[in-house]
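Accompanying notes for the structure given below.
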Amino acid sequence: MIQVGDRLPAANLKRLTADGIKDVSISELTRGKKVVLFAVPGAFTPTCSEKHLPGFLQQADAFKAKGVDRIVCVAVNDPFVMGAWEKASAIDGQIEMLSDGNGDFAKALGLDFDASAVGLGTRSKRYAMTVEDGVVRTLLVEDVPSQAEKSSAAALLATL
């Protein structure tokens, strides 16, 4: 599993744009930037939609005041689902919603888990991290996927 002090692995995520699906390089996304990156097991799932994502949306200004350049949400869902979740959640550009459709990024981080027992396949563990110029500075990982406390916006904000 990735640790504080490690560099994020080279990976591409996907973003739905008006021109279609575009690759987003993690290296380019974090180069020279202070980034809050959090992951959820699935878009539109109860804890993700009711607790985790809303906390980061509500605290977006507080993160920016602490010098955060970008807030990024990643889920093992396709870019169309992430785009729909962005609209349904009224993100309004405050959080970048990125797709890790095949779970490759979650696996590269060592933060994937098997949710096949409930029909969800490979998913990302719920976590939040701060990344500076591609290097992990803070990493908060939930022990239980249905909880969003250790990796909440408030918990991450308290580390800055």
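So how far apart, in nm, are the two label points at Glu50 and Lys150 if each is 7 Å from Cα heading toward Cβ?
Output for this residue pair reads 2.2 nm.
So which lysines can Lys150 reach, going by Cα to Cα under 27 Å and dropping same-chain residues fewer than 8 places off?
Partners within reach: Lys14, Lys33, Lys34, Lys51, Lys64, Lys66, Lys87, Lys107, Lys125.
Checking the a/c ratio against 1.5 first, then a/b against b/c, what shape does the Cα gyration tensor give for the chain? List each step's numbers first, then the result.
Details: a/c = 1.17, a/b = 1.12, b/c = 1.04.
Verdict is rounded for the chain.
Among DSSP beta bridges whose residues both lie in the chain, state the antiparallel percentage, nearest 5.
On the way: 23 of 33 bridges.
Of those bridges, close to 70 percent are antiparallel.
Based on the Cβ-Cβ distance of Lys107 and Val141, what FRET efficiency does E = 1/(1 + (r/R0)^6) give at R0 = 22 Å, to the nearest 0.05?
Values: r = 15 Å, r/R0 = 0.67.
Using R0 = 22 Å, I get an efficiency of 0.90.
Starting with the highest mean, order 84-91, 15-22, 96-103, 47-54 by the number of other Cβ atoms within 10 Å, averaged over the residues of each peptide.
96-103, 47-54, 84-91, 15-22
Values in this text are rule-based calculations from the coordinates and carry no lab data. None of these values were measured; they are calculated from a predicted model. Please note: Cβ atoms are built from the backbone with ideal geometry, for glycine as well, and neighbour counts cover all protein chains shown.
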